[in-house]
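Take a look at the structure below.
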Amino acid sequence: MGLSTISPTLLVASLMIAATPILLAALGELVVERAGVLNLGVEGMMITGAICGFAAAVGTGSPALGFVAAAASGAALALVFGFLTQILLSNQVATGLALTLFGLGLSSLLGQGYSGIRPPPTARFDFGPLSDLPFVGRVVFGHDWIVYLSLALTALIWWFLTRSRAGLTLRAVGENHEAAHALGMKVVAIRLCAIAFGGACAGLGGAYLSLVRVPQWTEGMTAGAGWIALAIVVFASWRAWGVLVGAYLFGGVTVLQLNLQAAGVAFPVEYLSMSPYLVTIAVLVLMSARSGRRALGAPACLGKPFHASQ
Amino acid sequence: MIRLEKRPQPSAIWKTVTPLLAVILTIVAGGLMFAALGTDPVAAIRTIFWDPLFHPQYASYSRPQLLVKAGPLILIAIGLSIGFRAGIWNIGAEGQYIIGAITGAGAGLALYPSEAWWIFPMMVAAGALGGWLWAMIPAILKTHFNTNEILVSLLLVYVAENLMASMAVGALRNPEGGGFPGSRNLSQWPAASNPELIAGTGMHWGVMAAFVAVILAYVLMSRHLTGFHIQLAGQAPRAAAFAGVRPERLVVFCLGLSGALAGLAGIFEVTGPAGQLSIDFNVGYGFTAIIVAFLGRLHPAGILLAGLLMALTYIGGELASFTLGIPAAAIQSFQGMLLFFLLAVDVLTNYRIRLGRTEAAT
C-alpha cells in the first residue's frame, strides 16, 4: 500500500465526520465562555453524553432518542457545575476539573456491559439525486443529519451572538457582570442557561463519537476531544465561524494521520497519533502570540465569580 | 430566602471542618450510588474504608499498599499545590510523571547490566530532570507567548502517553522479552531497583521523598520569601506586582517544581512497585493528585492526610471489586464526587449563610 490509496473524496468526507464532535462541543463552550464562565469540564460532559446516548440508542433502538438523552445528560452534568460555581461560588477551574474527573469515572461505571455492542445506525440525510453527484454528492450531500445540525448550529450561534438582543445581553454579562447586574439583567440565570446549553452541546458531541464516528463504546473514548474543543475556542478568538474553521482544521489533521497510519507510511504509529495534540498546541501558541499580552476577543469577565451583594 | 454574605476573612474553623464534612457527604452519596448498583452500601463503605487496614485476612496484603499508593499521590500533589496557590494550573502532572519514568528508566537502561552504586541516584536525577523539562514546555510557552498553561499541560499528557507507548515497543523494549512490549524489569536489577526499605510497610525511596517534600514545602510556604510571593501572587496579583514579584519567574518556578516532583514520582514508581515501563504504566496518579491537593487545602500537612485517604480509597476500591463485585470504575466517580462535595461545602468557609428576607432595594 502507498499514499495513492488515500482517496481525496473520502478524506474530505471523513474529515467532516471527525470534526463534528469537536465542533459541537466547542460551539457549546463558546456560548458558555461568552457569558463569562470557564467550564473546563467539557471532556467529562462529552464522555457522559457518549455513554448515555449510546445506552439510550441501544435500549430504544432509535439513534435520535440517543442524541436527546446525550444532550440531556450533558446538560444535567453541566448544571451541577452551574450550581457549584454560580450559586455556591466555587472556583471555576477546580470545579471544571472535578466535572471532568467525575464524568470519566461515571461514564466507565455506566458503560459496564456496553462494550462490543454496535449501536443502531444513524440515517443519512436524504437529498435524493443530489447525493449521486460525483465528489460533491459524497462530500456535501452524503452525511447524517447531525453533521448538518452542527453546521446550522454554527450559523445560528453566530446570528445569536452578533445579531440578536438576547445575544447582546449574554455578551454584556460576559464582558461586565457588575454593569449587567446594575442594568437589571439576571446574571446568574443567564449564565446557568448558557452552562446548560454548553453541556447539551458537549453531550451531543460525545454521542456523535459513540454512535456515528467510532461507532462503539470504549472507556475513555473521547481521548482529549473535550480539551481540544476548549483550545479551539481560544483559536477562534471566541467567534462562531472561527470555531468551525478550527474544528475542521483539527478534523483534517486527525483524518490525515489516520489515513497515513492505514497506508502504512514508514513512520511510527505513536508519533502520528500524537500529531493532533501537537498541532493543537502549535495553533494555540500562534494565536496567543499574535494577539499580544491579552488574548484578543476573550470576554473580560471570563472565569470571574459573581456575587450580587458586592 | 437564603442568601450568602461574604466573610471579611475565610473562617479558620470551617477551613478545617469542610474537608471532613465533604468526606462524610461523599460516603453518604457514595452509599446511595452503591445501593443503586445493587450492593449493600454499609458493606461497600466498610470494605473501602475499614477492611484494607483491619480485615484479618486482607489487611496484611493491603496495609503496605497504603504507602505505596500514597507516596506518588503526595509527591505530585505537593508540587501541584504550590502552583495552585499562585494561580498557576499545572494539570498535566500525569504527563510529567510518564516522562520522568521514561527518562529515568532510559538513563539507567543505557548502562545495563552495570552494578555501579550510583546508577539508581543517577536515574532518580534523570527522572526529575525529565519531568522538569516536560513542564518547562507549558512554562516557556506561557511566559513567552502567553499561551494557556492549563490546555498545553493537559494536551501534553496525550503526547506523553503516545511517547511511552512508542518507547515500550521500541527503544526501551526488553531485548530478552520475546518481542512483548515493555522494558526490562528494573526492580529485578539490583543497581536500579527501588526496594521496600522496611519489610511489610510498603516504604520505599519514593515514600521517603514524599515525606521530605511535605516538610520542605511547609518550610518554603511558611518560612521563605518565595513562598510568601507565591501566596501573594495567588491572592492579590496587583499587590504582588508592586512588591516586585516577577510573574514569569513564578510560572517557571511553580511549573518546574511540580514537573520535577511528578517526574520523581514516575521514576520511583517504575523502579519499584511497577517494575517496568509498559503501555499501561500510568494509572491516573497525576489526575487524582489534583483531588488530593484540594482535599488537603493546598497545605502540606493536609495533603499528607488527603494522600493517605485517597490511597485508602484506591486499595478499598480494588478490594471491593474483588470481594463485592463493585466495578473498579465506581471508585473513580467516588473520588470525583469527593472533589465536588469539597468545592460545594467550601462556600461555608468564605461566606456566611443568612436566613431571612433580603433588605429592601438592594
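FYI, it's all coordinate maths here, none of it is from the lab. The structure displayed is predicted, hence computed values, not measured ones. All Cβ positions, glycine included, derive from the backbone under ideal geometry; neighbour counts span all protein chains shown.
Table for the structure above
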quantity: Peptide-level mean, for A:106-118, of C-beta atoms on other protein chains within 10 Å; calculated: 3
quantity: Non-local Lys pairs in the protein assembly as shown, i.e. 8 or more apart or on different chains, that have alpha carbons under 29 Å apart; calculated: 7
quantity: Packing-based exposure ordering (other Cβ within 10 Å, fewest first) of A:Tyr148, A:Tyr208, B:Tyr314, B:Tyr58; calculated: A:Tyr148, B:Tyr58, B:Tyr314, A:Tyr208
quantity: Per-residue mean of C-beta atoms belonging to partner chains within 10 Å, peptide B:340-353; calculated: 4
quantity: Gyration tensor (alpha-carbon) shape descriptor, the range B:149-192, a/c threshold 1.5; calculated: oblate
quantity: Calculated SAXS-style log₁₀ I(q)/I(0) at q = 0.06, 0.13, 0.15, 0.16 Å⁻¹ - chain A, Debye, Cα scatterers; calculated: -0.20, -0.93, -1.20, -1.33
quantity: Ranked by how many other beta carbons lie within 10 Å on average, peptides A:72-82, A:172-182 from highest; calculated: A:72-82, A:172-182
quantity: Cα centroid separation, the range B:111-130 to the range B:133-152 (Å); calculated: 28
quantity: Likely footprinting exposure, A:Cys301, B:Cys254, A:Cys193, fewest C-beta neighbours within 10 Å first; calculated: A:Cys193, A:Cys301, B:Cys254
quantity: Gyration tensor (Cα) of the range B:205-293, equivalent ellipsoid semi-axes in angstrom; calculated: 31, 14, 10
quantity: Cα-Cα pairs of the range B:269-360 separated by more than 22 Å (percent); calculated: 45
quantity: Neighbour-count ranking [beta-carbon atoms within 10 angstrom, fewest first] of A:Trp159, B:Trp14, B:Trp134; calculated: A:Trp159, B:Trp14, B:Trp134
quantity: Quarter of the Cα convex hull surface for the range B:38-326, i.e. its orientation-mean projected area (nm²); calculated: 16.9
quantity: Cα gyration tensor category, rounded, prolate or oblate, for the range A:21-159 with a/c compared to 1.5; calculated: oblate
quantity: Square roots of five times the Cα gyration tensor eigenvalues for the protein assembly as shown, Å; calculated: 37, 33, 26
quantity: Alpha-carbon centroid distance for the pair the range A:199-236 / the range B:13-69, whole angstrom; calculated: 32
quantity: Mean projected area in nm² (Cα convex hull; one quarter of hull surface) for the range B:208-362; calculated: 14.7
quantity: Value of relative contact order over the range B:144-279, rounded to a whole percent, pairs C-alpha under 8 Å and six or more apart; calculated: 32
quantity: Average beta-carbon neighbours from other chains, 10 Å sphere, peptide A:73-85; calculated: 1
quantity: Peptide ranges B:72-80, B:322-330 listed from the most packed, as the mean C-beta count within 10 angstrom indicates; calculated: B:72-80, B:322-330
quantity: Highest-first arrangement of B:236-242, B:193-199, where packing means the average Cβ count within 10 Å; calculated: B:193-199, B:236-242
